[in-house]
Amino acid sequence: MAVSSRRAFEDFSVGLRFRSFGATTVTAERIKSFAAEFDPQAPHLDEAAADRSTFGGLVASGWHTAAIAMRLIVDSDLGLAGQGAGLAVQSMTWPLAVRPGDALRVEGEVTETRPSRSRPEQGLVTFRVTAFNQHDQPVLEAQHLVMVARRSALGPAE
């Protein structure tokens, strides 16, 4: 997967849109392995129990969906790869469960930028992101706040 070039704080503006370069397909095996380590609940671990649950089948943990979305954000054309520091996830919802075979991608938009008052070498960028499945249905909606280096703090271009 291609990773975008870094952006400095000055390169972000309200309305800047971004998207992942590709999609990640979720498998039953990955759903179960993530859940076994981080969210060991029946709808994520056991197909028979999941069939009897309100989900009616195996589903990914919301935290697994969030982790996939984070990877897709890093591997997107947003340009934070390797230099943004997450300060907050201001909101996160999971409007639809992720199931084995779903292919997830992200799209987002910068909603606010402002220089840091306490760290003049950095700025704050707020963006909202939506993860979609292969049917263009939203499976995660979130708003993030990140600290980004100003151009003068990045040093020479790579």
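Some notes on this structure:
- Mean-position separation - Cα centroids, the stretch 90-147 and the stretch 1-47, in angstrom: 10 Å
- With at most 16 neighbouring Cβ atoms within 10 Å, loop chymotrypsin sites (Phe, Trp or Tyr not before Pro) (DSSP) excluded, longest segment of the chain: 56-158
- Calculated over the stretch 90-141, the projected area of the Cα convex hull averaged across directions stands at 4.6 nm².
- For the chain, the longest principal axis of the Cα atoms and the long axis of helix 28-38 meet at an angle of about 70 degrees.
- With contributions of -39500 (n - 2.57) from each DSSP H run of at least four residues, the per-residue ellipticity at 222 nm computed over the chain stands at -6500 deg cm²/dmol.
- Helix 62-74 and the longest principal axis of the C-alpha atoms of the chain enclose an angle of approximately 40°.
- Cα gyration tensor of the chain - equivalent ellipsoid semi-axes, whole Å, descending: 34, 14, 13
- Over all other residues within a Cβ to Cβ distance under 15 Å of residue 106, the charged ones net out to -2, with Lys and Arg as +1 and Asp and Glu as -1.
- Dipole in debye (nearest 20) - the stretch 40-119, about Cα centre, beta carbon charges: Lys, Arg +1; Asp, Glu -1: 380 debye
- Residue 109/residue 135 FRET efficiency (R0 25 Å; Cβ-Cβ; nearest 0.05): 0.70
- When all protein chains stay in place and ligands, DNA and RNA are ignored, the 1.4 Å accessible-area order of 151, 117, 52, largest first, is 117, 52, 151.
The values are calculated or read from the model by the stated rules, or taken from the named source; none is laboratory data. If you're wondering where the values come from, they're calculated on a predicted model, not measured in any experiment. In this analysis, Cβ positions are derived from the backbone assuming ideal geometry, glycine residues included, and neighbour counts consider all displayed protein chains. When the accessible area is computed, the model is the full protein with side chains, heavy atoms only, and any ligands, DNA or RNA have been set aside. Shrake-Rupley method; radii C 1.70, N 1.55, O 1.52, S 1.80 Å.
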